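Scroll down for the structure; my scribbles are underneath it.
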Amino acid sequence: GDPAARATMWTAYREDMLRQARFAVFLAGNARDAASGSVSLAHGVREEFEIARRQGVFPIPIGATGYQALELWREVTGDLASYFPDVDVVAADLAAAFADLGDPAQSDETLVATTLRVMDQVRRALVT
């Protein structure tokens with residue numbers, strides 16, 4: 001098929017999916033080149049992140065999983081207040097939670113629990 005038409009279809013799919021979300025969790029985000037076998041950052045994950053940002057969806061990149069998620073985690077942790085507007089990031093203790101999400105030594109169970117804790121803290125901060 002036509003690569004441009006395929007890209008347009010994927011963008012529309014991502015926009016529709018994120019329109020229905022309050023949070024977007026980003027894991028890994030790597031792609032393997034079929035010809036060379038080399039691994040690179042997944043551009044689709046970056047596009048989903050940008051769409052989420054435009055639509056006001058809260059991003060939760062799990063930096064501990066590496067690749068594109070690590071890049072996004074660095075961006076988000078560098079400016080939590082802009083990615084979580086209307087949330088008192090200090091009161092919600094987001095910095096500590098995001099530090100855990102970037103630590104590859106954390107267990108999968110801890111990463112899941114921390115992700116859910118971030119969602120809960122943000123929801124509570126928006127209610128009050």
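First select every other residue whose beta carbon is under 13 angstrom from the beta carbon of Ala92; then total the charges, Lys and Arg +1, Asp and Glu -1. My count for the surroundings of Ala92 gives -1.
The value of relative contact order for region 23-71, using C-alpha pairs under 8 Å at least six residues apart, is 51 percent. A 1.4 Å probe run over the chain, with the rest of the protein chains in place, finds 58 Å² accessible per residue. Against the chain, whose longest principal axis is taken from its Cα atoms, helix 108-127 shows a tilt of about 60°.
Leaving out ligands, DNA and RNA, what percent of the accessible area of the chain is carbon and sulfur, probe 1.4 Å?
Details: 4050 of 7420 Å².
Answer for the chain: carbon and sulfur cover 55 percent of the accessible area.
Here the dipole of the chain is about 260 debye; that uses its Cα centre as origin and unit charges on the Cβ of Lys and Arg (positive) and Asp and Glu (negative).
What translational diffusion coefficient, to the nearest whole µm²/s, does the chain have by Stokes-Einstein, given a Kirkwood radius computed over alpha-carbon pairs, a temperature of 4 °C and 1.567 mPa s viscosity?
On the way: Rh = 15.4 Å.
Translational diffusion coefficient: 84 µm²/s.
Applying 1/(1 + (r/R0)^6) with r as the Cβ-Cβ distance of Arg54 and Ala5 and R0 = 22 angstrom yields a FRET efficiency of 0.50. Taking Cα atoms only, the orientation of helix 3-19 departs from the longest principal axis of the chain by about 20 degrees.
In degrees between 0 and 90, to the nearest 10, how far off the longest principal axis of the chain does helix 67-78 point, with axes built from Cα atoms? That helix lies at roughly 40 degrees to the long axis.
If R0 is taken as 41 Å, the Cβ-Cβ distance between Ala35 and Ala91 corresponds to a FRET efficiency of 0.25.
The values are calculated or read from the model by the stated rules, or taken from the named source; none is laboratory data. These numbers come from a predicted model, not from an experiment. Quick reminder, even Gly has a Cβ in these numbers, built from the backbone with ideal geometry, and neighbours come from all protein chains shown. Only protein heavy atoms, including side chains, enter the accessible area calculation; ligands, DNA and RNA are left aside. Shrake-Rupley method; radii C 1.70, N 1.55, O 1.52, S 1.80 Å.
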